[in-house]
Structures are given as C-alpha cells and as structure tokens.
Amino acid sequence: MSENPGTVERVERIGRRLNEQVFDKDLRAFAQERAREDPALAEYGKAMAGHFWCDLLAEIANFLDHGADLLDKTPEGLKDAVLEHEDAAHWGPVRARLAEATLGFVWKGLQLILGADLGTAVLHVRVLAVLICPDPGAHLRVAQCCLRPLVKDALQDHLTANLEPDWLWSDGR
C-alpha cells in the first residue's frame, strides 16, 4: 500500500465514511429510535466495543471472496452470512440487532469500493479490518478472513521473512 497512494486514500475514505455516515449518523439514529422500545440499545456504543467493526468487515471480506455471483444476494445474503458465523452466537440480542442494522448501513458505504473489481474491493475491506482491529493477532476471524489472505496473496511477493505464526495458520491451512 505504501507504494500506491490511491489505495491508501480509498481505504482511508472507506473508513472515514463508515465512521461518519454509519456510526455517527445512521446507526446512532437507529439505536436512539429503537431505545424507546428496548432501553439496552441506548448504550449501543458498549455493544460495539472491542471487535464489532473488524468482525463485520472480516465477514464482509469472507462473503465477497465467494465471488460476483453472490452480489445479487447482497445485502440480505451478507446479513445472513455475518449473523450465522460462529462468533455471532455469542453476541447477544442487542449486538445481533445492531449488527443486522449496521450491515444495511455499511453496504451503502461499501458502494464506494464495489465499483472497483471484486478483488480490489475485498483487498480494501481486508486492509481496513486489520487496521481497525484492536488486536488482529488475538482475533481469529480477522486472522483467517483478512490477515491470512493478505499474507498468502497480496503480500507474498513482498515478504522476505517466512511468516507463519500459529494464530494465523492455526486451522492447518
């Protein structure tokens, strides 16, 4: 990325748009409106702390990896894929509701990159997930869906060291 300022700018623009449009505007309004019915949503920031955003981005990258044939099923197919992955079972009802709403809002923001070819779009989502993850080394989904593909595909020709940490390759691939 350091050799391609256009990529850096696109990833930064995606991150800014997600923060400004989705987190500060759409999701905040959604949570405040729903908080009247479910007071737990009033503290939506707490439910999204930790790995919320990198979880979503890792699952979006994983979903997009399956190819253009899935794009016509998006964003509903994306919601199904994200809400059914193994980590989602531990989210609880508030975080699951917020994730479902967020995916609809995020999809609008991702339209910026989906004009690019699918491989480039997935690359940008992966990089953003790794950059915003508080601890990619301890976050198995980010390691599997983002770091591993970045190391194996995008960075393989640029690495001079053998990079095979256990947390990145832990499932035997």
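The values are calculated or read from the model by the stated rules, or taken from the named source; none is laboratory data. As the structure is a prediction and not an experimental result, all values here were calculated from the model. Ideal geometry is used to build each Cβ from the backbone, glycine not excepted, and the neighbour counts take in all protein chains shown. Calculation scope for accessible area: heavy atoms of the full protein, side chains included, ligands and nucleic acids excluded. Shrake-Rupley method; radii C 1.70, N 1.55, O 1.52, S 1.80 Å.
Once the Cα-Cα distance is subtracted from the 0.36 nm per residue extended length, the Ala42 to Ala138 segment shows a gain of 31.7 nm. The simple spin-label model puts a point 7 Å past each Cα toward its Cβ; for His90 and Leu131 those points are separated by 2.8 nm. Counting Lys and Arg as +1 and Asp and Glu as -1 over every other residue whose Cβ lies under 10 Å from the Cβ of Gly119, the net charge comes to -3. Heavy-atom surface analysis with a 1.4 Å probe gives the stretch 1-40 a carbon and sulfur content of 44 percent of its accessible area.
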